[in-house]
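Student: First the structure, then my questions, so here it is.
The values are calculated or read from the model by the stated rules, or taken from the named source; none is laboratory data. Bear in mind that the values here come from a model prediction, so they are computed numbers and not experimental data. Methodologically, a virtual Cβ is constructed for each residue, glycine included, from the backbone with ideal geometry; neighbour enumeration extends over all protein chains shown. Please note that ligands, DNA and RNA were not included when accessible areas were found on the heavy atoms of the full protein model with its side chains. Shrake-Rupley method; radii C 1.70, N 1.55, O 1.52, S 1.80 Å.
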Amino acid sequence: MLAFVVRRLLQSVIVMLVVAFIAFLVFRYVGDPVTSMLGQDSTIADHEALRERLGLNQPFYIQFYHFVTNALQGQFGISYRLQQPVGKLIMERLPATIELALASATIALVGGVILGIYTALRPRAFSSGVIMTASLIGVSLPTFLIGIGLIYVFAVELKVLPSFGRGTVTDLGWWRTGLLTESGLRSLILPAITLSLFQLTLIMRLVRAEMLEVLRTDYIRFARARGLSTRAINFGHALRNTMVPVITITGLQLGSVIAFAIITETVFQWPGVGSLFVNSVQVVDVPVMAAYLVFVALVFVVINLFVDILYFIVDPRLRDGVRSGK
């Protein structure tokens, strides 16, 4: 187990170094950071002084070393647009994105697994047909179109939920949350549903397909022949073996929920990291773009590492393969 975790950690470090190198290239060669920070009215002496202060006259490998060491401390320079430390800007926006992602992931995971089990155990029921048909909507429609549709129905026509913003937030010192106020919870509902629909339908169809496949296997027939109850067969044997591939796909999808909530945050004007990135792209705010690239990579690396460890725990065949050195 320890050797497996250490090997995965080393692979994660290599991936992060590669991403940091790409982010450094973006930071270093997309536009001139000195001109962006000083503007058009600055003198050549001002340019040289700032270039020396930022270390841009140093060799390439030393600049990359400083970039990595600063990134490890959460320092990605100063935002060209807002003239504030990028690390501070991201930390201010991160609670909003994490709360939105966790709410969406909870809806997708709970709803997807429950509906997947239901449609697998009742494949010929009329309600299963309705659920499968409705799931095509979640898979087929673009996220922004679902968001606009929900805004029109619940905010414009019914006027029961807000259409934008995060509502009233509570400052806990180290975290600003909207989960402790009524307006914050109401503001979370529409963007969370919008972001979760695609993941929910994907997980539901995956659970259904895997469970139908497992229910046809010989060991399930043998379990029925032994006289085990239907409940024990479905949830004690079939569901457990269904969850192995579901864990892998779900982990990757949850990573994409956190990393690519950009469209949902833009539609609902949600003040998260995604909307910060979109605003930065419009004015070529390179430090923020580079920091976002590293942040997205870190999210995927951490979630993949967690999924690999969970996969290792759930699947005994993988543990046997590691012990035998395969």
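Student: Hey, what did the stretch 194-308 get for relative contact order, percent, Cα under 8 Å, at least 6 apart? Intermediate values should be presented prior to the final figure.
Tutor: Details: 72 pairs, mean separation 29.1, N = 115.
Once divided by the residue count of the stretch 194-308, the mean separation gives 25 percent.
Student: Want the number for ARG226 to VAL26: 0.36 nm per residue separation, take away the alpha-carbon distance, what's left?
Tutor: Roughly 65.7 nm would be gained on extension.
Student: In addition: Can you tell me which of LEU212, LEU94, LEU82 moves the most in a GNM of the chain? Springs connect C-alpha atoms under 10 Å apart.
Tutor: LEU82
Student: Here is a follow-up. On the protein heavy atoms, probe 1.4 angstrom, tell me the percent of accessible surface of the chain carried by carbon and sulfur.
Tutor: 67 percent
Student: Could you compute the FRET efficiency for LEU179 and GLU92, with r as their C-beta to C-beta distance and R0 at 22 Å, rounded to 0.05?
Tutor: Result of the calculation: an efficiency of 0.85.
Student: With the calculation restricted to Cα positions, what are the radius of gyration and Dmax of the stretch 54-209 in angstrom?
Tutor: Expressed in Å, the Cα Rg and Dmax of the stretch 54-209 come to 21.4, 70.
Student: So, one more: Placing +1 on the Cβ of each Lys and Arg and -1 on the Cβ of each Asp and Glu in the chain, which of THR106, ILE44, GLY149 has its Cα farthest towards the positive end of the resulting dipole?
Tutor: Of the options given, the answer is THR106.
Student: I need the shape label for the chain. Rule: rounded when a/c is under 1.5, else prolate if a/b > b/c, else oblate, with a, b, c from the alpha carbon gyration tensor.
Tutor: On the way: a/c = 3.01, a/b = 1.56, b/c = 1.94.
Oblate, since a/c reaches 1.5 and b/c is not below a/b.
Student: For the chain, modelled as a Gaussian network with Cα springs under 10 Å, which listed residue fluctuates most, VAL18, VAL288, VAL160?
Tutor: VAL160
Student: Going by amide H atoms built from the backbone, whose H comes under 5 Å of the H on PHE76, apart from near neighbours?
Tutor: Amide H to amide H, under 5 Å and 5 or more residues apart or across chains, PHE76 pairs with VAL86, GLY87.
Student: Another question about this same structure. Between the stretch 231-304 and the stretch 142-192, what is the C-alpha centre distance in whole Å?
Tutor: 19 Å
Student: Cα convex hull of the stretch 195-308: mean projected area in nm², to one decimal? Can you show the working numbers first?
Tutor: On the way: hull surface 34.9 nm².
Convex hull of Cα atoms, orientation-averaged projection: 8.7 nm².
Student: Mind checking which helices in the chain clear 30 Å along their axis (Cα) and have mean Kyte-Doolittle hydropathy of 1.0 or more, DSSP H runs only?
Tutor: 2-29, 86-121, 182-215, 286-314
Student: Let me ask you something else. For the chain, what is the relative contact order in percent, using Cα pairs closer than 8 Å and at least 6 residues apart in sequence?
Tutor: Relative contact order, the chain: 26 percent.
Student: Continuing with this model, one more query. Can you pull out the trypsin sites (Lys or Arg not before Pro) in the stretch 193-245 that DSSP calls coil and that have at most 15 other Cβ atoms within 10 Å?
Tutor: Working: sites: ARG205, ARG208, ARG216, ARG221, ARG224, ARG226, ARG231, ARG240; in loops: ARG216, ARG226.
Qualifying residues, ordered by number: ARG216, ARG226.
Student: Would you please give the FRET efficiency between LEU161 and SER127, computed as 1/(1 + (r/R0)^6) with r the Cβ-Cβ distance and R0 = 30 Å, to the nearest 0.05?
Tutor: Using R0 = 30 Å, I get an efficiency of 0.65.
Student: Further question on the same structure: Rank these residues by their accessible area, most exposed first, probe 1.4 Å: TRP174, TRP270.
Tutor: Of TRP174, TRP270, the descending order of accessible area is TRP174, TRP270.
Student: Using DSSP to call loops (not H, G, I, E or B), can you name the GluC sites (Glu not before Pro) in the stretch 177-250 whose Cβ has at most 13 other Cβ atoms within 10 angstrom?
Tutor: Those that pass, being in a loop and sparsely packed, number zero.
Student: Say we join alpha carbon atoms closer than 10 Å with springs in a Gaussian network model of the chain; which of THR69, THR143, THR177 then has the biggest fluctuation?
Tutor: Maximum among the listed residues: THR69.
Student: Counting only heavy atoms of the protein chains, get the accessible area per residue of the chain (1.4 Å probe) and round it to a whole Å² value.
Tutor: 55 Å²
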